[in-house]
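The values are calculated or read from the model by the stated rules, or taken from the named source; none is laboratory data. From a predicted model like this one, the values you see are computed outputs, not experimental measurements. Cβ placement follows ideal geometry from the backbone for every residue including glycine, while neighbour counts extend to all protein chains displayed. Remember, those area values only see protein heavy atoms, side chains included, never the ligands or the DNA or RNA. Shrake-Rupley method; radii C 1.70, N 1.55, O 1.52, S 1.80 Å.
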Amino acid sequence: MTESPIAVEPVTAGIVGASGYGGVQLVRLLLDHPYVRITHLAGHSSAGSKFSDLYPHLGIFLDLTIQPIDPDSIARDCQVVFLALPNGIACTLAPELLDRGCRVLDLSADYRFRDLDTYRNWYAPPDETWPTASHCVANHRAVYGLPELYREQIAKTDLVGCPGCYPTASLLAIAPLLQKGLIDPDSIIIDAKSGVSGAGRTLKTGSLFAEVDDSFYAYGVTNHRHTPEIEQICSDLAGRSVRVQFTPHLVPMVRGILATVYATLRDPGLVADDLLTLYRNSYSRRSPWVRILPPGTYPRTKWVSGTNTCAIGLALDSRTQRVIVMSAIDNLLKGQAGQAVQCLNLMQGWPEALGLPKLGWYP
């Protein structure tokens, strides 16, 4: 799927938050990208450390020292900057980088929302008022970085708010049905499962091996932060306000997301072949990273692990008149770093699939 590169001057890129799981995925992908050269790594707690000390397996390919976060030094070294930081930090850093002429791709939630009150209500720590006025200005120029839905807008922007992993899997599953008005928007139920890497690299009790292994449980029931993000885009697609029932679960595996989405069909005369045709027409022609599976075949996370692919399977329950859509992605790639690189390709006018892994290892 990766096209043969043509002669082009590499773009200089920096990664802020390089020590986390998102950062190391970006390093891996950009090292293989024919048009990108990593020139700057930055972070807070990891500043002063050599990247090779944190990730020795990558040391022979990249031996930069992680720098303190300083907009001037980042802008001197980089044309493009990826922000892989905790929520609430990018909103102060991105405007400074934009003012210095950088293109910015933010992997946190800071630029995913058009309505800042919604963002504050779901993300702001208690007794804190953020984001700042400068964030508000940048927010209105940010584009939601889901290429399959906002490809043209991404190609024209200099600031992308990359989607969350759960929203990516869920929205790709439900988008064609909402766009064509084939389902009752108020009937959407999303049951999603994620590997433990989605919790990040920070030490947390709930992510310990002894807590996760041989266990399976729901969390964030009725109040997970990705809910308003999913609702925002569903409302866009439906042309009206939409609320969804979203419940995430943690499964004892490292990476991968499987989202199972249920919705009630408006037309009882639709059959499974109609829906498959809709999905193939929606994605197959222009979306190199979405794969619609044959009838009766349903996606597994292992099939997409290590790739930027979203695999989608469909079923129609004629008894209940519900459609069931299953969507599998690698949460660290199509759900995070891979999608950010996909957006960079669009922003730069490069082939969308450039530098991204098509096939993982199986089994």
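Here are the numbers for the structure shown:
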{"item": "Angle in degrees between helix 90-99 and the longest Cα principal axis of the chain, rounded to the nearest 10", "result": "60"}
{"item": "Distance from region 148-200 to region 250-308 (C-alpha centre basis), Å", "result": "12"}
{"item": "Residue-averaged [θ]222 nm for the chain, counting only DSSP H segments that reach four residues, each worth -39500 (n - 2.57)", "result": "-9000 deg cm²/dmol"}
{"item": "Rounded to 10°, Cα long-axis angle of helix 165-179 versus longest principal axis of the chain", "result": "40"}
{"item": "Residue range of the chain that is longest and free of chymotrypsin sites (Phe, Trp or Tyr not before Pro) which are both DSSP loop and sparsely packed (at most 11 other C-beta within 10 Å)", "result": "1-215"}
{"item": "Eligible aspartates and glutamates near Lys358 by straight Cα distance, threshold 15 Å, same-chain separation 8 or greater", "result": "Glu3, Asp32, Asp330"}
{"item": "Label of the coordinate-derived value, Kirkwood radius over Cα pairs in Å, listed as (i) 23.7; (ii) 20.9; (iii) 21.6", "result": "(ii)"}
{"item": "Percentage relative contact order, the chain, counting C-alpha pairs under 8 Å, at least six apart", "result": "18"}
{"item": "All aspartates and glutamates inside 13 Å of Lys50 as judged from Cα atoms, apart from same-chain residues fewer than 8 positions distant", "result": "Asp63"}
{"item": "Lys/Arg +1, Asp/Glu -1 at C-beta; the chain dipole; positive extreme among Asn345, Leu177, Val81", "result": "Leu177"}
{"item": "Anchor Lys193: lysines whose Cα lies under 22 Å away (excluding residues fewer than 8 positions away in-chain)", "result": "Lys204, Lys302, Lys334"}
{"item": "Rg and Dmax [Cα atoms of region 135-200; Å; Rg one decimal, Dmax integer]", "result": "14.5, 37"}
{"item": "DSSP bridge orientation in the chain - percent antiparallel, rounded to nearest 5", "result": "45"}
{"item": "Principal-axis tilt of helix 21-31 within the chain, Cα atoms, nearest 10 degrees", "result": "70"}
{"item": "Inverse of mean 1/r across different Cα pairs in region 1-119, Kirkwood, Å", "result": "14.8"}
{"item": "Förster radius 45 Å - calculated FRET efficiency between Asn121 and Thr65, Cβ distance, rounded to 0.05", "result": "0.70"}
{"item": "Residue-normalised accessible area of the chain, expressed per residue, 1.4 Å probe, Å²", "result": "44"}
